[in-house]
1. Would you check which residues across the stretch 102-143 are closer than 20 Å to Cys24 by Cα, in contact with a strand residue (DSSP E or B) (Cβ under 6 Å, 6 or more places away or on another chain) and either of a type in the set (Val, Ile, Thr) or not assigned by TED's automatic domain parsing to the domain that holds Lys215 (or both) and list them?
2. Within the bounds of the stretch 137-152, is there any residue that is crowded, with 22+ Cβ neighbours inside 10 Å and either acidic (Asp, Glu) or in a helix (DSSP H, G or I) (or both)?
3. Enumerate the helices (runs of 4 or more DSSP H) found wholly within the stretch 34-124, keeping only those where 1 or more residues are crowded, with 18+ Cβ neighbours inside 10 Å.
4. Give just the number: which of (1) at pLDDT 95 or above; (2) more than 16 Å from Val102 (Cβ to Cβ) does Leu241 not satisfy?
5. Which of the residues spanning the stretch 32-48 are in contact (Cβ under 8 Å) with a residue 40 or more places away in the chain and either over 11 Å from Ser61 (Cα atoms) or not assigned by TED's automatic domain parsing to the domain that holds Lys84 (or both)?
6. So which residues in the stretch 203-234 are of a type in the set (Ser, Thr, Tyr) and farther than 12 Å from Thr120 by Cα, if there are any at all?
7. How about the stretch 17-33: which of its residues are within 15 Å of Val78 (Cβ to Cβ) and assigned to a strand (DSSP E or B)?
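The values are calculated or read from the model by the stated rules, or taken from the named source; none is laboratory data. The structure presented is a predicted model; accordingly, all values stated were derived computationally and were not measured. As a convention, Cβ positions derive from the backbone with ideal geometry for all residues, glycine included, and neighbour counts pool all protein chains shown.
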Amino acid sequence: MKLDKIKRTEEGVDNIYSRTVKICGISESKVTAMISDILESEKEATVDITSIVGEVHIKVSAAAEDKKAARKVIKPVVSLLKEKFGNYIYTTDEEVTLEQAVVDLLVANGLTVSCAESCTGGMLSARLINVPGVSEVYKSGYITYSNKSKRKILGVRRSVIDKYGVISAETAKDMAKGLAAITKADICVSVTGNAGPDAAENKEVGLVYIGCCIKGKTAVTEAHFTGERNEIRQAATAAALSFLRNNMLEYYSRVTFGNGEEE
């Protein structure tokens, strides 16, 4: 679909309005499938899908007699997207990044975070620290790349490494729990995996485990990425931000983000 009836003034276009719905935690193929009905039926607005590392952006635009009218055209489309994707939407603000949304959520609710990274090598901490004001919530980060550092710093059990390997859900869980014990942060995130270029522990390149410990409750997710080494590390970092956000929303929704009363 193409925008038409574009009106230009000395200042530029004044009858086009757009909103970008930013989604994390769902693949582009799934997003496309979920909005296939919108793509097929929508006649007045333009709906464009863009995929970046770990995210999918849906831009809804319309041209009308003026911006107010164009805004009216896209409003029901954006509302429908919000209904479909719920908490997978982290913002509808073009300027807000995923890490900004995560930090804003932490700051707004007075929660602290720490990170323990292996294959990402500090990329997760770097993205968080790139956000102004993060000092209010970011406590510390550890790059525990070697097996020895995982054991000595984070307290990962040797028996876990021997039985399951460093690239495992069990190690990611121990890393997150150990980090929580030493930093006392409200939320602790761990990342361990194989970014390549060669297989390790008989586990394929691109296999990554992410752990998230909140108030003693630890969840772990398994992810599979493709690409070059740095591409896998970037994808793992984005996935860790998404996993952190989703776990934060799930754990605190009943009290912090809900009506104030725990169910």
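1. Selection gives Val113, Thr120.
2. The answer is yes, given that some residue of the stretch 137-152 is crowded, with 22+ Cβ neighbours inside 10 Å and either acidic (Asp, Glu) or in a helix (DSSP H, G or I) (or both).
3. 67-85, 98-108
4. (2)
5. Met34, Ile35, Ile38, Glu42, Lys43, listed by residue number.
6. Hits for the stretch 203-234 are Thr218, Thr221, Thr226.
7. Tyr17, Ser18, Arg19, Thr20, Val21, Lys22, Ile23
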